[in-house]
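This report concerns only the one structure given below.
The values are calculated or read from the model by the stated rules, or taken from the named source; none is laboratory data. Everything quoted here is computed from the prediction, not taken from an experiment. Ideal geometry is used to build each Cβ from the backbone, glycine not excepted, and the neighbour counts take in all protein chains shown.
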Amino acid sequence: MLKKSILITGCSTGIGLHCAKQLQQDGLNVIASVRKTEDMAQFKSLDINCIQLDLDCTESIERGFNDALALANGTLYALFNNGAYGQPGAVEDLPTTALIAQFNTNLFGWHHLTRLAVKHMRKQGTGRIIQNSSVLGLVALPYRGAYNASKFALEGLTDTLRMELRDSGIQVSLIEPGPIKSEFRNNAKSAFLTHIDIETSAHKNEYQSQLERLAKQNTTQPFTLGPEAVYQVLHHALTAKRAKARYYVTFPTYLMGYLKRVLSTNLLDKVLLRNR
């Protein structure tokens, strides 16, 4: 009997890498994907299939998906969209090109890959699409406008997709983590320095404080969990007879989900501004 196959994006580090290793140990045929070819080498020693797939490139997505199908013996059971990054910066300082880049990776690339997967899964009559969103797909925070926008858009698109696929045999889930140990802060700092003009900004002082926080590599946010917390809900979304539409991960996500339901917009803004 052939193993069930899953394609996971963003596997170089963090959540993607951890989940790829764990699901392979669970007996799945994992097909990990990475953007940079130099990141493929680590998977050889792990005996995990790995492909190159750049979410910013349509040709790379299509080629990567075909490579994944070949490694899955023509039957792909699940897609875990995970590869993403955060672009910090005040909305007024955010170049449109930076916003486009954020959406290309965090939404448009996922959408193209998901469409390919859904077309394949419809033919086989079953499948799982799992999107790794964020607590910032539930609530907004200052200086995270680009990332907020990409995750809010992902949530709406995924909710719609779930309803449209209701009778197809394809189940669709969102995972909404709060702070998770990963390389996210390093990548965010790089994106920030690339696109934001600090010196001319009205937010210069706040930016300096943010850079100081990002520079503290050994400092983690309160309630930060390891990537195994995401793996636990991913495993349920893959194996449960009826996967949940949403999976909250970490205390901040549960808290913000609750506060969004019970507080007015003005009161929620005050809470979020105090805890940014």
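In table form, for the structure just shown:
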{"read-out": "Answer residue from segment 36-57, given it is acidic (Asp, Glu) and surrounded by fewer than 16 Cβ atoms within 10 Å (Cβ to Cβ) and is nearest to PHE103 (Cα to Cα) among those", "value": "ASP56"}
{"read-out": "Test result for LEU76, farther than 27 Å from ALA188 by Cβ and within 20 Å of the chain's Cα centre (by Cα)", "value": "yes"}
{"read-out": "Identity of the residue in segment 191-227, among the β-branched types (Val, Ile, Thr) and at pLDDT below 85, that ends up nearest to LEU141 (Cα to Cα)", "value": "THR220"}
{"read-out": "Flag for ALA84 being of a type in the set (Gly, Ala, Ser), under 30 Å from LYS4 (Cβ atoms), assigned to a loop (DSSP other than H, G, I, E, B) and modelled with pLDDT of 95 or more", "value": "yes"}
{"read-out": "1 or more residues more than 22 Å from GLU176 (Cα to Cα) and either over 23 Å from the mean Cα position of the chain (by Cα) or of a type outside the set (A, V, I, L, M, F, W, C) (or both): qualifying helices (runs of 4 or more DSSP H) within segment 198-276", "value": "204-215, 265-274"}
{"read-out": "Pair list, Cβ < 9 Å and 6+ apart or interchain, from segment 246-268 residues that are in contact (Cβ under 8 Å) with a residue 60 or more places away in the chain and at positive phi to residues that are part of a helix (DSSP H, G or I) and surrounded by 17 or more Cβ atoms within 10 Å (Cβ to Cβ)", "value": "THR250/VAL135; THR250/ALA229"}
{"read-out": "Candidate set: segment 48-81, residues that are outside any loop (DSSP other than H, G, I, E, B) and of a type in the set (S, T, N, Q); chosen: the one farthest from LEU23 (Cα to Cα)", "value": "THR58"}
{"read-out": "Flag for SER33 being touching a residue at least 12 places away in the same chain (Cβ under 8 Å), surrounded by 15 or more Cβ atoms within 10 Å (Cβ to Cβ), more than 18 Å from the chain's Cα centre (by Cα) and under 19 Å from PHE65 (Cβ atoms)", "value": "no"}
{"read-out": "Any hit, segment 151-170, residues being over 20 Å from ALA245 (Cα atoms) and aliphatic (A, V, I, L, M)", "value": "no"}
{"read-out": "Within segment 1-30, considering residues that are aliphatic (A, V, I, L, M) and out of contact with any helix residue (DSSP H, G or I) (no Cβ under 9 Å at 6 or more places or on another chain), the one surrounded by the most Cβ atoms within 10 Å (Cβ to Cβ)", "value": "LEU2"}
{"read-out": "Selection within segment 86-121 - surrounded by 20 or more Cβ atoms within 10 Å (Cβ to Cβ) and of a type in the set (Phe, Trp, Tyr)", "value": "TRP110"}
{"read-out": "Residue among LEU174, LEU154, LEU193 that alone is in a helix (DSSP H, G or I) and crowded, with 20+ Cβ neighbours inside 10 Å", "value": "LEU154"}
{"read-out": "Every residue from segment 31-47 that is among the acidic types (Asp, Glu) and not in a loop (DSSP other than H, G, I, E, B)", "value": "GLU38, ASP39"}
{"read-out": "Condition check for TYR248: surrounded by 19 or more Cβ atoms within 10 Å (Cβ to Cβ) and at pLDDT 95 or above", "value": "yes"}
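Conditions tested, residue by residue: (1) modelled with pLDDT of 95 or more; (2) over 20 Å from GLU62 (Cβ atoms); (3) touching a helix residue (DSSP H, G or I) at 6+ places or on another chain (Cβ under 7 Å); (4) of a type outside the set (A, V, I, L, M).
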site: GLN102; (1), (2), (3), (4): yes, yes, yes, yes
site: THR105; (1), (2), (3), (4): yes, no, no, yes
site: LEU113; (1), (2), (3), (4): yes, no, yes, no
site: GLU183; (1), (2), (3), (4): no, yes, yes, yes
